[in-house]
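Report on the following structure.
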Amino acid sequence: MTATNTRNIVLHVADVHRHFGGLRALSDIDLQVEEGKTHAIIGPNGAGKSTLLNVVIGRLPPTSGAVIFDGQILTGKAPHEINQIGIARVFQTPEIFPDLPVLHNVMAPAFSKRDGAFRINLFQRLDTERAVREEAESLLQDVGLFERRNTNAGALSRGDKRRLELAMCLIQHPRLLLLDEPTAGMSRHDTNTTIELLQKIKQRGMTKLIIEHDMHVVFSLADRISVLAQGRIIAEGLPDEIRGDPRVHEAYLGGAIQ
Ligand SMILES: Nc1ncnc2c1ncn2[C@@H]1O[C@H](COP(=O)(O)OP(=O)(O)OP(=O)(O)O)[C@@H](O)[C@H]1O
Ligand SMILES: [Mg+2]
C-alpha cells in the first residue's frame, strides 16, 4: 500500500457503549475521524450526539470501549488532560466567564493552555501578555466580536456567546475541534458568517467533529457524515451518500434532510 492510500485517523472511538441506568444512550459506537477533515454527526433529538462528545472529552466515562486520539488511549484521563493533548470543544450551552470582558475570555484559555492550569496571578498577566492579546483581538475580528471586546461576556446574546466560545477554542490551536451545534440560536446571517469562518479554519488543516441539526451547515462543511439514531450509528458516508440514504430519511421521519 502506498502512503497516499493511507488514511490518517486522528480520533478513533472504538466499540463504545454508554448506559445511564437502563437507558442505552450509546451502543456499539465505532467512529474514525480522519486528520484535517470535517466529520459531522447528525441525528434526531436524544440520539446520543452530546453524550458521544462528552465521552470523547472525558466528561463521561464510557461504560465500555475506548477513545483513542493520535495513538493514545484517552479513556480514564481527566477533561483538562484531554484538552492539553489537543482536543477543544465548543459546547451546546456556551461555557464562558460572564463577568470578564469578551477580550479576556478569549485570552484566558491561551494562558491555561500554556501553563497547564490557571495561576493566581492570571488577572495581572491578562493585562501584560501582548502577543496573546493581539491574537485574541485578531480572532475577535474573525468571529465578528471585535467591537464588543470590552463588554462583559454575560451581556452577549446567545449567538454571540457561541462565537465567543469558538474564539476561545481557536486560541488554543487544538488538533481536533469538537463543535456541538455551533450555529444553534443564530440568525441565518450569523450562521452563514460562522460557516465561512469554519471553512477558513478548514483551510488551515484543523480536524473537526461537528454536531449540527441545521442541514445547510452540515452539507456546507462536512467531508463525511455519521448518522446516529437511538444511540447507534445507522449510516456513515460521503454527504451525497447520506442525503440519499433511506435509513436516514426514516430516522428523521422524512423531515429534515433535503
Ligand atoms: N447525564 C445523563 N443522565 C441520564 N440520561 C442522560 C444523561 N445525558 C443524556 N441522557 C439521555 O441520553 C440520551 C441521549 O442524550 P444526548 O443529550 O446525548 O442526545 P443528543 O443527540 O445530543 O440530543 P439533542 O439533539 O437534543 O441535543 C437521551 O435519552 C438523554 O435523555
Ligand atoms: Mg445534544
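Using a probe of 1.4 angstrom and keeping all protein chains present, the accessible surface of the chain works out to 47 square angstrom per residue. I'd like the orientation of helix 188-203 relative to the chain: the angle between its Cα long axis and the longest Cα principal axis, in ° from 0 to 90, rounded to 10. Between the helix axis and the principal axis of the chain, the angle is about 90 degrees.
Build a GNM of the chain with springs between Cα atoms under 10 Å apart, and of Asn45, Asn83, Asn105 the one that fluctuates most is Asn45. Computed from Cα atoms, the angle from the helix 102-115 axis to the main principal axis of the chain rounds to 80 degrees.
Of the residues Gly86, Gly22, Gly144, the one that moves most in a GNM of the chain with alpha-carbon contacts below 10 Å is Gly22. Note down the net charge around Arg24, summing +1 for each Lys or Arg and -1 for each Asp or Glu among other residues with Cβ under 10 Å from its Cβ. Spelling it out: positives minus negatives among the neighbours equals +1. How much of the pair distance distribution for the chain lies past 26 Å, counting alpha-carbon pairs only, in percent? The share of Cα pairs beyond 26 Å in the chain comes to 42 percent.
Kindly express, to the nearest 10 degrees and within the range 0 to 90, the angle between helix 158-170's C-alpha long axis and the longest C-alpha principal axis of the chain. So the inclination is approximately 90 degrees. From its DSSP helices (H runs of at least four residues, each -39,500 (n - 2.57)), the chain gives a residue-normalised ellipticity at 222 nm of -10500 deg cm²/dmol.
Here the chain is treated with +1 on each Lys and Arg Cβ and -1 on each Asp and Glu Cβ, and its dipole about the Cα centre works out to around 360 debye. Taking the chain as a Gaussian network of alpha-carbon nodes connected by springs under 10 Å, the highest mean-square fluctuation of the residues Glu181, Glu196, Glu212 belongs to Glu196.
For the chain, the fraction of 1.4 Å probe accessible surface lying on carbon and sulfur atoms is 49 percent. The trypsin sites (Lys or Arg not before Pro) of region 1-106 that meet both conditions, a loop assignment by DSSP and at most 15 other Cβ atoms within 10 Å of the site Cβ, are Arg7, Arg59. Excluding same-chain neighbours fewer than eight residues apart, the lysines reachable from Lys200 by a Cα-Cα span under 18 Å are Lys37, Lys208. Roughly how many Å is it from the Cα centre of region 1-72 to that of region 188-258, as a whole number? Region 1-72 and region 188-258 have Cα centres spaced 16 Å from each other.
The values are calculated or read from the model by the stated rules, or taken from the named source; none is laboratory data. Not measured: the values here are computed from a predicted model. Cβ coordinates were reconstructed from backbone atoms using ideal geometry, including for glycine residues, and neighbour counts include every protein chain displayed. Just the protein is used for accessible areas: all its heavy atoms, side chains included, with ligands, DNA and RNA removed. Shrake-Rupley method; radii C 1.70, N 1.55, O 1.52, S 1.80 Å.
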